[in-house]
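Following: one structure in structure tokens, then a few remarks.
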Number of protein chains: 2
Amino acid sequence: MRPNPFTLLATDPLSKARRGRLVTARGIIETPIFMPVGTQATVKCCAPEELRALGAQIILGNTYHLFVRPGMDVIRHFGGLHRFMSWNGPILTDSGGFQVFSLARLRRVTEEGVHFQNHVDGTPMFLGPREAMEIQAALGSDIAMLFDECPPFPCAYDDAAASLERTLRWAARCREVETPGLKFGIVQGSSYPDLRRHSAEALVQLGFDGYAVGGVSVGEPEPEMMAAVEHAEPFLPAEKPRYAMGLGTPPQMVEMIARGIDMFDCVLPTRLARNGTAFTRAGTIALKNAGFAKDERPIEEGCACPACRTFSRGYLRHLVKAEEILGLRAITEHNLHFYLNLMAGARAHLDAGTFAEFRREFVGGYRPRETSAAVEET
Amino acid sequence: MRPNPFTLLATDPLSKARRGRLVTARGIIETPIFMPVGTQATVKCCAPEELRALGAQIILGNTYHLFVRPGMDVIRHFGGLHRFMSWNGPILTDSGGFQVFSLARLRRVTEEGVHFQNHVDGTPMFLGPREAMEIQAALGSDIAMLFDECPPFPCAYDDAAASLERTLRWAARCREVETPGLKFGIVQGSSYPDLRRHSAEALVQLGFDGYAVGGVSVGEPEPEMMAAVEHAEPFLPAEKPRYAMGLGTPPQMVEMIARGIDMFDCVLPTRLARNGTAFTRAGTIALKNAGFAKDERPIEEGCACPACRTFSRGYLRHLVKAEEILGLRAITEHNLHFYLNLMAGARAHLDAGTFAEFRREFVGGYRPRETSAAVEET
């Protein structure tokens, strides 16, 4: 293994929350951090310079989607994902495991990997641990995720255990493939505490630069999601970063930070924007509602994002109703700002030793709506 | 009438091309000028500050669309269109005549105006000369267009003549309604030279701040379009601005400038972008084509637009194929830059006395594709 790229800067005395710093070849990432999702080589609606202006420190790319389209031949021609999409900051790439199991058709899982037909044009394709890591190397990923099997929820114990064992065998193979950046293991084990513990311990035994909790945000109730993290976390080394994959709502992220998680990604801010839903500290608002037609206020008073500095709720409502892209852009930008700013707030309060108040005030003030936690990029 | 807001700065000795300056309450417009189309209170995909950065001097708004949605109650509440959409530069508003005749359903035309059902939810509505001007006044339009009937192509002589007479009676009524900005008449008369002349002379007799040629770009062949302008132009006063409505391709605009036109609007740059089509000096390119997959060049070498400074054709092709909004945004921005920059070139060459060479080189180098001239905002 390479030297540990993560530094634990501070720990909250009243929770498991941590303030850290992760060094990658393309930049330093201050944690806790939210990573905007750029599935198809673009964070939906956003130009790279807008992401930089919003303070995004790292974004996500997706092995499955890029493997399917434009294909690795094109990405290799452009010298990797960073140059292809004109983003020179760090990129974490998902391994494609989750998408192969959620998006692709006619799957056949073998010990070597997964045969499937892609969701775009049905072309037969194959992804296994070696292929997933080689693709992430070709993408130029700064943080590559291991290729794993992500069982559905609910999942019988024996199925979850068998799947986990295969994922652990795949983990050992993934470890052997050289990639230019960091490599994170993924804890699976469905909703079974002993499997979560076993998964974490086995991965730590192999040794990776960081550890993710996977198989969450797949339709399970929120307590199950929290439990999955709680059952894995004690067996993860304090000196390595922890990443909860594919979640969540703003209060869920704050609660996950309190449970020792450092990194997050979620499609909620970009996906809900496309539906006209904007995040505020009091909860989400649906800008389609007639009540906003003459509302001259910004989405959130005091918000420093470009949308709130420029547009009223009434105008945004008009854009959403008229299906104008500018509305979608503005709400996306606001929502990403909200998520990134929430993490900046968490970091500042961890630095100041006031995380407990921050957590109490934010989670107490946020009124959850129907926005499910079970949203992951498709 | 108010004092003439237009100054004719120079005239090309080898054509009818003119270099002019139009003063409005919200800014000075250097002509020839292209006006990006902002039908529904937004130039599709573009934020106001992007339009300013692209050098847009004036944009269009649309009475019909805004009357239907969000409705004048909302626009009045926000104090007009400028504040509603956060654009503080000049806005020209179309009167809604064209859209009532092309978009609305179940039309019934009377001497007072047009009863119709709107295209969004079928609500019965009415627009006449008085209503159209009052709406434009409430929008805060800097240049209001008269309410006119726009006959289809082809149109029998008697029908065109009868329609024109009604449009002229409506013009007299429109003239009586007070609006805060300038007021432009619209020359109709279909493809009949004597009707075009009669229309121009009658409007000039009434007296307006500028004159548009309407009823073009409605499906007629390009020679008919040019002829419509040629038949009206000699009867329009040199000291007033002339506007050819709803066109056209880049070489058509240059040819129209040579025929004495000062102002243009067209949805081609924004609409073709949505199809992945980008303008270059050699003609349009369809970025969907497989040949661009590994093309590392920008849309156009040497182009100073944000898209060409940031993205390759290969990346834009990927975005278009993956239906990602960033692709649409980037091509829209490039296309608008192309149109605005073409007008800036025409102005510079008119200033330098080299318009004839500019016209010859540009029109000679541009290879027309299947992009029809007959495209107007719907």
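The values are calculated or read from the model by the stated rules, or taken from the named source; none is laboratory data. If you're wondering where the values come from, they're calculated on a predicted model, not measured in any experiment. Please note: Cβ atoms are built from the backbone with ideal geometry, for glycine as well, and neighbour counts cover all protein chains shown.
Evaluation of A:Phe264 against the conditions (1) closer than 23 Å to A:Phe147 by Cα; (2) of a type in the set (A, V, I, L, M, F, W, C); (3) buried (at least 24 other Cβ atoms within 10 Å of the Cβ) shows that the sole unmet condition is (3). Among residues of region B:196-221 being at pLDDT 95 or above and under 18 Å from the mean Cα position of the chain (by Cα), the one that is farthest from B:Ser102 (Cα to Cα) is B:Asp209. For B:Ser190, the conditions (1) surrounded by 24 or more Cβ atoms within 10 Å (Cβ to Cβ); (2) assigned to a helix (DSSP H, G or I); (3) in contact with a helix residue (DSSP H, G or I) (Cβ under 7 Å, 6 or more places away or on another chain) are fulfilled apart from (2). Taking region A:296-311 as the range and being over 14 Å from A:Thr277 (Cα atoms) and within 11 Å of chain B (Cβ to nearest Cβ) as the test, the residues that pass are A:Glu296, A:Pro306, A:Arg309, A:Thr310, A:Phe311. Does A:Ala346 meet the test of being away from chain B (no Cβ under 13 Å), buried (at least 24 other Cβ atoms within 10 Å of the Cβ) and within 25 Å of A:Met35 (Cα to Cα)? Yes, satisfied.
With respect to B:Leu319, determine if the residue is within 30 Å of A:Thr270 (Cα to Cα), buried (at least 22 other Cβ atoms within 10 Å of the Cβ) and either touching a strand residue (DSSP E or B) at 6+ places or on another chain (Cβ under 9 Å) or among the β-branched types (Val, Ile, Thr) (or both).
no
Among the residues of region B:160-211, just one is free of Cβ contacts under 8 Å to residues at least 12 places away in the same chain and within 17 Å of B:Ala228 (Cα to Cα), namely B:Asp194. Counting the residues of region B:215-257 that are under 14 Å from B:Ser15 (Cβ atoms), in contact with a strand residue (DSSP E or B) (Cβ under 8 Å, 6 or more places away or on another chain) and of a type in the set (Asp, Glu) gives 1. Selection within region B:90-115: residues that are in contact with a Leu (Cβ under 7 Å, 6 or more places away or on another chain) and of a type in the set (Ser, Thr, Tyr). The member of this set that is nearest to B:Gly27 (Cα to Cα) is B:Thr93. Can you confirm whether region A:145-159 contains a residue that is crowded, with 24+ Cβ neighbours inside 10 Å, of a type in the set (A, V, I, L, M) and within 14 Å of another protein chain (Cβ to nearest Cβ)? Within region A:145-159, none of the residues are crowded, with 24+ Cβ neighbours inside 10 Å, of a type in the set (A, V, I, L, M) and within 14 Å of another protein chain (Cβ to nearest Cβ). Of all positions in region A:245-268, at least one carries a residue that is among the basic types (Lys, Arg) and more than 29 Å from A:Ala137 (Cβ to Cβ). The condition (being of a type in the set (Lys, Arg), surrounded by 16 or more Cβ atoms within 10 Å (Cβ to Cβ) and either in a strand (DSSP E or B) or more than 10 Å from every other protein chain (Cβ to nearest Cβ) (or both)) is satisfied by just one residue among A:Arg19, A:Arg52: A:Arg19. Candidates in region B:157-195 are the residues that are under 21 Å from the mean Cα position of the chain (by Cα) and among the β-branched types (Val, Ile, Thr); of these, the one that is nearest to B:Pro129 (Cα to Cα) is B:Thr167. Looking only at residues in region B:55-76 that are part of a helix (DSSP H, G or I) and aliphatic (A, V, I, L, M), the one that is surrounded by the fewest Cβ atoms within 10 Å (Cβ to Cβ) is B:Met72. Against the definition (at the interface with chain B (Cβ under 10 Å from one of its Cβ atoms) and basic (Lys, Arg)), how does A:Arg69 come out, yes or no? Taking the combined requirement at face value, the residue satisfies it. Candidates in region B:227-242 are the residues that are of a type in the set (A, V, I, L, M, F, W, C) and surrounded by fewer than 20 Cβ atoms within 10 Å (Cβ to Cβ); of these, the one that is nearest to B:Val204 (Cα to Cα) is B:Phe235. Of the residues making up region B:312-331, those that are of a type outside the set (A, V, I, L, M) and away from every other protein chain (no Cβ under 12 Å) number 0. Listed by first and then second residue, the pairs with beta-carbon distance under 6 Å, at least 6 apart or on different chains, first residue in region A:146-157 and aromatic (Phe, Trp, Tyr), second buried (at least 19 other Cβ atoms within 10 Å of the Cβ) and not in a loop (DSSP other than H, G, I, E, B), are A:Phe147/A:Gly97; A:Phe147/A:Pro129; A:Phe147/A:Ala132; A:Phe147/A:Trp170; A:Phe147/A:Cys174. Restricted to region B:234-324, the set of strands (runs of 3 or more DSSP E) holding at least 2 residues that are closer than 22 Å to B:Gln40 by Cα comprises B:242-244, B:263-265.
Taking region B:22-49 as the search range and keeping residues that are among the β-branched types (Val, Ile, Thr) and in a strand (DSSP E or B), which one is nearest to the other protein chains (Cβ to nearest Cβ)? Checked region B:22-49; the qualifying residue nearest to the other protein chains (Cβ to nearest Cβ) is B:Val37. Looking at A:Ser95, A:Ser102, A:Ser86, just one residue is surrounded by fewer than 18 Cβ atoms within 10 Å (Cβ to Cβ), under 17 Å from the mean Cα position of the chain (by Cα), under 26 Å from A:Phe34 (Cα atoms) and not aromatic (Phe, Trp, Tyr), and that residue is A:Ser102.
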